[in-house]
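Enquirer: The structure that follows is given in the form of structure tokens.
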Amino acid sequence: MLRQVAEGVLIHQSEFLQTNAVVVQGRAGVLVIDPGVRGDEMACLANDLSDSGQTVMAGFSTHPHWDHLLWHASLGVAPRYGTARCAATVRDRLSDAGAKARIAEQFIPPDIVEQVPLDLLGLITGLSAETEQIPWDGPEVRIIEHQAHAPGHAALLIQERGVLIAGDTLSDVLIPLLDFGDTADPIEDYLAALQLIEGAADEVDVVVPGHGSVGGADQIHARIDQDRAYVHALVEGQAVSDPRVGPSATYDWMPGVHERQLENLARRRERDGTPG
Ligand SMILES: [Zn+2]
């Protein structure tokens, strides 16, 4: 079920929202990033890995949203990591007994909720803010932490393989989804994140978004520019000419998400008394 996108880097794409799980081959086993959504898909991934004699040595969640925090028992008991801010957010959101039921009810689409195993949701260890790379025995995976989309969101750069794992930025199917709940300035945070990512992107041949299709070298800057143009258009209240919300959009609910972001932004301006 795995497809190689660069030397020693493989992905599996879920049918749910084109969610990409990433497997990185190391010396004695693999690193699994955002392992997937449905239980049977994660079990299948675990199966394929064990059939080819590969042990999961570590896991990583790019950000504290349910579809990036899942795990399956058959993937084993390797340490799972996220940024410190990601882990703290998860701890906070899962702190009460009803949290998982609430997530299932509010966030997971009803048609797949029965297939999403929540028992190992969010069991991640936070890596301190000074941690520059994922601690594991394999190619160096640099953590590019920023605050776009969710607290403690991480893009990951595997420089020696020329791969950028973008989490929920740089998608060809999802517009930038701003984090209106957790941050003082979601717009500036998003633009700052894109700038950080752009600073690392020159060495990249392959971009793997959390959802959507894998892009080649020609796509990196195009996707950064497209995300940036979307955010600017949102701020300026201009008509958005973005294929991800246009008539040919992959998801017909994306224009609705765009409308809600406009409303959120307007409410925030009213609250803060900012002109425009
Ligand atoms: Zn997300």
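Enquirer: Could you tell me whether any residue of segment 133-148 is within 12 Å of the ligand (Cβ to nearest atom) and open to solvent by less than 40 Å² (accessible area, probe 1.4 Å)? Break it down into steps so the answer makes sense when it comes.
Expert: First pass over segment 133-148, keeping only residues within 12 Å of the ligand (Cβ to nearest atom): 148.
Okay, now just the ones that are also open to solvent by less than 40 Å² (accessible area, probe 1.4 Å), so 148.
Scanning segment 133-148, I find at least one residue that is within 12 Å of the ligand (Cβ to nearest atom) and open to solvent by less than 40 Å² (accessible area, probe 1.4 Å), so the answer is yes.
Enquirer: Okay, next question. Which of the residues belonging to segment 158-170 are open to solvent by 10 Å² or more (accessible area, probe 1.4 Å) and within 14 Å of the ligand (Cβ to nearest atom)? Before you say what the answer is, go through the steps one by one.
Expert: The initial filter retains those residues of segment 158-170 that are open to solvent by 10 Å² or more (accessible area, probe 1.4 Å), namely 159-161, 168.
Answer for segment 158-170, where residues must be open to solvent by 10 Å² or more (accessible area, probe 1.4 Å) and within 14 Å of the ligand (Cβ to nearest atom): just D168.
Enquirer: Filter segment 120-130 for residues that are touching a helix residue (DSSP H, G or I) at 6+ places or on another chain (Cβ under 8 Å) and assigned to a loop (DSSP other than H, G, I, E, B); which is modelled with the lowest pLDDT? So that I can check it myself, show each step before the final result.
Expert: The initial filter retains those residues of segment 120-130 that are touching a helix residue (DSSP H, G or I) at 6+ places or on another chain (Cβ under 8 Å), namely 120-122, 124-129.
In the following step, the residues that additionally are assigned to a loop (DSSP other than H, G, I, E, B) were identified as 120-122, 124, 128-129.
On the way: L120: 97, L121: 97, G122: 97, I124: 98, S128: 97, A129: 94.
Across segment 120-130, the extreme among qualifying residues is A129.
Enquirer: Checking L177 against (1) closer than 24 Å to T19 by Cβ; (2) assigned to a loop (DSSP other than H, G, I, E, B); (3) open to solvent by 40 Å² or more (accessible area, probe 1.4 Å); (4) modelled with pLDDT under 95: exactly one of these is not met. Which one?
Expert: (4)
Enquirer: Okay, next question. Residues A192, A201, A249: which one is surrounded by fewer than 18 Cβ atoms within 10 Å (Cβ to Cβ) and at pLDDT below 95? I'd like the intermediate steps shown before the answer.
Expert: Values: A192 fails: at pLDDT below 95; A201 fails: surrounded by fewer than 18 Cβ atoms within 10 Å (Cβ to Cβ).
Exactly one residue qualifies, and that residue is A249.
Enquirer: Being modelled with pLDDT of 95 or more, within 16 Å of the ligand (Cβ to nearest atom), over 30 Å from L196 (Cβ atoms) and more than 15 Å from the chain's Cα centre (by Cα) is true for just one of V77, V116. Which residue is that? Please lay out each step first, then the result.
Expert: Details: V77 fails: within 16 Å of the ligand (Cβ to nearest atom).
Just one listed residue meets the conditions, V116.
Enquirer: Out of all the residues in segment 33-68, which are buried (at least 19 other Cβ atoms within 10 Å of the Cβ) and either of a type in the set (V, I, T) or assigned to a strand (DSSP E or B) (or both)?
Expert: Within segment 33-68, I33, V37, V56, M57, A58, G59, F60, T62 meet the criteria.
Enquirer: Can I ask one more? Scanning for something in a loop (DSSP other than H, G, I, E, B) and either among the aliphatic types (A, V, I, L, M) or in contact with a Cys (Cβ under 9 Å, 6 or more places away or on another chain) (or both), does segment 153-171 turn up at least one residue? Full working, then the answer.
Expert: Step one: list which residues in segment 153-171 are in a loop (DSSP other than H, G, I, E, B), which gives 162, 168-171.
Next, from what is left, pick out any that are either among the aliphatic types (A, V, I, L, M) or in contact with a Cys (Cβ under 9 Å, 6 or more places away or on another chain) (or both): 170.
For segment 153-171, residues in a loop (DSSP other than H, G, I, E, B) and either among the aliphatic types (A, V, I, L, M) or in contact with a Cys (Cβ under 9 Å, 6 or more places away or on another chain) (or both): present.
Enquirer: From the list A97, A184, A155, pick out the single residue that is open to solvent by less than 20 Å² (accessible area, probe 1.4 Å), of a type in the set (A, V, I, L, M) and either touching a Phe, Trp or Tyr at 6+ places or on another chain (Cβ under 9 Å) or at negative phi (or both). Talk me through it step by step, then tell me what you get.
Expert: On the way: A97 fails: open to solvent by less than 20 Å² (accessible area, probe 1.4 Å); A184 fails: open to solvent by less than 20 Å² (accessible area, probe 1.4 Å).
Of the residues listed, the single one that is open to solvent by less than 20 Å² (accessible area, probe 1.4 Å), of a type in the set (A, V, I, L, M) and either touching a Phe, Trp or Tyr at 6+ places or on another chain (Cβ under 9 Å) or at negative phi (or both) is A155.
Enquirer: Report every pair of residues separated by at least 6 positions or lying on different chains whose Cβ atoms are under 6 Å apart, first residue within segment 143-162 and under 10 Å from T183 (Cβ atoms) and of a type in the set (A, V, I, L, M), second open to solvent by 10 Å² or more (accessible area, probe 1.4 Å) and more than 13 Å from the ligand (Cβ to nearest atom).
Expert: Correct list of pairs: A148/D189.
Enquirer: Here are A97, A84, A88: which of them is at pLDDT below 95, away from the ligand (no atom under 16 Å from the Cβ) and not charged (D, E, K, R)?
Expert: A97
Enquirer: Go through A233, A200, A192 for me and flag whichever is away from the ligand (no atom under 14 Å from the Cβ), of a type in the set (A, V, I, L, M, F, W, C) and free of Cβ contacts under 8 Å to residues at least 24 places away in the same chain.
Expert: Values: A200 fails: free of Cβ contacts under 8 Å to residues at least 24 places away in the same chain; A192 fails: free of Cβ contacts under 8 Å to residues at least 24 places away in the same chain.
The conditions single out A233.
The values are calculated or read from the model by the stated rules, or taken from the named source; none is laboratory data. Predicted, not measured: the structure shown is a model, and the values here were computed from it. Neighbour counts are summed over all protein chains in view; Cβ atoms, including those assigned to glycine, are modelled from backbone coordinates with ideal geometry. These area figures cover heavy atoms from the full protein model, side chains too; ligands, DNA and RNA do not enter into them. Shrake-Rupley method; radii C 1.70, N 1.55, O 1.52, S 1.80 Å.
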